[in-house]
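The values are calculated or read from the model by the stated rules, or taken from the named source; none is laboratory data. From a predicted model like this one, the values you see are computed outputs, not experimental measurements. Here Cβ is always computed from backbone atoms with ideal geometry, including for glycine, and neighbour counts include all displayed protein chains.
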Amino acid sequence: MNTVATQADVNRAPVLRLIGNTPLVPLRFEPEGVTVYAKCEFLNPSGSIKDRFAQCVILDAERRGKLRPDSVILECTSGNTGIALAMVGTARGYRVTILMSAGASIERQYLLRRLGAEVILLAEGDSYQAGIARSRAMAAQDPRYFLPRQFENPLNAEDHRHTTGPEILRQAPGPIAAFVAGYGTGGSLSGCGSAIKARFPAARVVAMEPAEDEDHAVECHCCTCIEGVADKGFVPPLLRHAPLDATVKVTADDAMQCTRRLHRQFGLLVGTSSGANVAAALHVARELPRDAVVVTLLCDRAERYFSTPLFAEGMDEHGVA
Ligand SMILES: Cc1ncc(COP(=O)(O)O)c(C=O)c1O
């Protein structure tokens with residue numbers, strides 16, 4: 001794997017310099033009396049942890065000669081991965097096409113189009129699997145298409161093992177007692193978890209999972225009320241060999257309450273999965289000694305959720321939730 005951006009890469013696409021090396025900040029929770037260390041992935045330039053995968057998969061494909069000037073990066077995703085691929089792709093000079101559900105939020109469509117991506121909306125009622133099948137059929141017919149395949153691509157977890165995990169190890173104030181995170185593809189939980197376990201074998205790697213079953217579980221494995229996080233029962237391939245010790249369930253209500261607390265109490269404008277991660281991390285921290293170092297991820301920004309229940313519920317006439 002050779003996916004570290006060189007000076008030449010950065011000169012050609014300066015935005016790459018802004019990816020990764022995000023801060024790890026201590027959040028002191030009262031009245032719980034516990035501290036959780038939060039890795040601020042929402043500070044990546046397109047606004048989410050997915051910038052890392054986008055950079056890694058595109059640089060790797062370039063190094064292996066899989067991307068040429070006329071290539072088109074094609075992925076079926078309604079989430080942060082599409083925006084990250086559009087950002088890195090446009091900065092490297094490639095066309096990007098994103099297949100997404102017609103129900104995906106308009107904020108995401110605006111961002112994708114502004115980054116120059118072509119957006120193909122799936123027909124109403126078409127499942128996520130249908131979108132994946134369509135992307136594969138398009139790639140089979142036209143060799144210009146390059147598919148990052150975030151759910152199966154081992155680079156996804158490997159990159160977190162080589163970048164995000166070691167950053168956390170450098171930044172943590174002492175031995176890590178627990179790492180807690182949700183999973184969509186499982187890349188970040190598996191990669192960071194492996195890096196942390198390799199250094200601190202006694203560290204507990206804990207998966208945050210949504211507590212509720214979702215009606216649309218068969219539609220898309222990655223679009224529960226806690227967006228970006230896999231539906232109950234779905235084990236992504238990248239997580240199958242991850243060093244997991246436990247799971248903590250978080251309801252959508254608790255996730256949203258904790259997210260609003262991050263907004264109001266800490267001034268951290270993050271999305272719902274970040275609140276869910278912190279709620280789970282608080283649960284784990286309460287069962288450990290007071291000074292135990294518990295680390296979690298703040299995955300993306302609040303602006304991506306204006307049209308979701310995170311902002312819709314309980315807004316007053318000034319739009320304050
Ligand atoms: C908002 C958000 N949270 C969490 C995750 C989970 O990350 P991973 O795919 O590394 O499991 C994602 C993934 O897309 C996400 O977009």
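Scanning segment 69-89 for any residue that is in a helix (DSSP H, G or I) and more than 23 Å from residue 22 (Cα to Cα) turns up nothing.
Taken over segment 39-53, the criterion of being over 15 Å from residue 304 (Cα atoms) and in contact with a strand residue (DSSP E or B) (Cβ under 9 Å, 6 or more places away or on another chain) is satisfied by 39, 40. A search for C-beta distances below 6 Å between a residue of segment 297-308 that is over 24 Å from residue 172 (Cβ atoms) and any residue that is modelled with pLDDT of 90 or more and surrounded by fewer than 24 Cβ atoms within 10 Å (Cβ to Cβ), counting only pairs 6+ apart in sequence or on different chains, returns 302/269.
Does residue 60 satisfy the criteria of being acidic (Asp, Glu) and buried (at least 17 other Cβ atoms within 10 Å of the Cβ)? The answer is yes for residue 60.
Restricting attention to segment 93-107 and to residues that are modelled with pLDDT of 90 or more and out of contact with any helix residue (DSSP H, G or I) (no Cβ under 6 Å at 6 or more places or on another chain), the residue that is surrounded by the fewest Cβ atoms within 10 Å (Cβ to Cβ) turns out to be 93.
Sub-6 Å Cβ pairs linking a first residue in segment 193-212 that is hydroxyl-bearing (Ser, Thr, Tyr) to a second residue that is outside any loop (DSSP other than H, G, I, E, B) and surrounded by fewer than 18 Cβ atoms within 10 Å (Cβ to Cβ), at least 6 apart or interchain, number zero.
Here's the yes/no breakdown for (1) buried (at least 21 other Cβ atoms within 10 Å of the Cβ); (2) away from the ligand (no atom under 11 Å from the Cβ):
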| site | (1), (2) |
| --- | --- |
| 175 | no, yes |
| 179 | yes, yes |
| 184 | yes, no |
| 200 | no, yes |
| 205 | yes, yes |
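Residue by residue, here is whether (1) in contact with a helix residue (DSSP H, G or I) (Cβ under 7 Å, 6 or more places away or on another chain); (2) not in a loop (DSSP other than H, G, I, E, B) holds:
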| residue | (1), (2) |
| --- | --- |
| 112 | yes, yes |
| 130 | no, yes |
| 138 | no, yes |
| 157 | yes, yes |
| 160 | yes, yes |
| 173 | no, no |
| 180 | yes, yes |
| 190 | yes, yes |
| 207 | yes, yes |
